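One structure is given here, and the rest of the page talks about it.
Nothing in this text is a laboratory measurement; each read-out follows from the coordinates by a stated rule. Everything numeric in this text was worked out from a predicted model, so none of it was measured. Cβ: placed from backbone, ideal geometry, glycine included. Neighbour counts: every protein chain shown.
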Amino acid sequence: MTARLVVSLSGIDARTLHRCAELAEHLGRRAVPLSLLVAPRLAGAAVDWVRSRRALGDDVLLHGFDHTREPRGRSMSLRRPEFAALPAHEAGLRLTAAMAAMERAGLHTTGFAPPRWQASRGTLIALRRKDFAFCADLACVRDLRTDTQLRARVQTLSSHERVETWRCFALVLAATRVTRRGGLLRLAIDATDLDRPAPRAAFLDAIDTALDNSATPTTYRECTALSTIT
């Protein structure tokens, strides 16, 4: 099997936009598209940038509704991820509001990635009712129309300073292992982490490792369309 590479970027806003643009430029030189995880609160220049990136071939996924950033330096949050435990009715209400906001921004999408990659069973039911095509969660990419799953765990970095060196090493190691086996490599980064030299370098190294192992760059939407794995 040919390895595939999906790179996702979250945390896009006015404060991080310059770093997002730098990453997109780096990946453009490598012909690697981005899957942009967008919260409905996006506004101003950030909206324009996401629209321009989609026109160039990047994908856009809805990334929650009202979730806020985690405090830096904390290994765990006391707040449960927004869609991690919602029943179908409440998840549906939040999705309706989020979809309306995305429409107003000109960013309609049928792809969903829950905050911290955790989606409850009720959320999956609500996504199907709202006619979403796929959901990318922690362990797999779910085609909601055919009820198939492409199993591949998200590879990301911890924001905890004490484990940063180890996590950077582990990210590149995982990229090597997954792509040598011909699997799907899902690399994810928050834009705030692009300000830190070590995580930024490790992320780009992991991408280069995947490409060196002949991984095909793709997006979540393209991945779902091609998937026949149940």
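Couple of notes before you dig in:
- Span-like helix ranges in the chain, DSSP H, alpha carbon extent 20 angstrom or more, Kyte mean at least -0.5: 88-104, 164-180, 197-212
- Percent of beta bridges antiparallel (DSSP, the chain, rounded to nearest 5): 25 percent
- The stretch 108-146 and the stretch 1-33 have their alpha-carbon centroids 22 Å apart.
- A225-E22 pseudo-label distance in nm [points 7 Å out on the Cα-to-Cβ vector]: 3.3 nm
- R0 of 25 Å, Cβ-Cβ distance D195-A14: FRET efficiency to nearest 0.05: 0.95
- Checking (1) 1.01; (2) 1.26; (3) 0.95 against Cα Rg over 2.2 N^0.38 Å calculated from these atoms, the matching label is (3).
- Value of relative contact order over the stretch 85-147, rounded to a whole percent, pairs C-alpha under 8 Å and six or more apart: 37 percent
- Cα-centred dipole magnitude for the stretch 134-206, charges only on beta-carbon of K, R (+1) and D, E (-1), debye, nearest 20: 360 debye
- Charge dipole (Cα centre; +1 on Lys/Arg Cβ, -1 on Asp/Glu Cβ; no other charges) of the stretch 6-150 amounts to roughly 280 debye.
- Extension gain, T2-A85: 0.36 nm per intervening residue step, less the Cα-Cα distance, totals 26.3 nm.
- Of the peptides 196-205, 179-188, the order by per-residue mean of other Cβ atoms within 10 Å, starting with the highest, comes out as 179-188, 196-205.
- Using C-alpha pairs below 8 Å separated by at least 6 residues, the relative contact order for the stretch 5-50 is 55 percent.
- Sites T96 and R51, calculated FRET efficiency, Cβ-Cβ separation with R0 30 Å, nearest 0.05: 0.85
- Estimated FRET transfer efficiency when R0 is 25 angstrom, pair L138-L173 (beta carbons, to 0.05): 0.85
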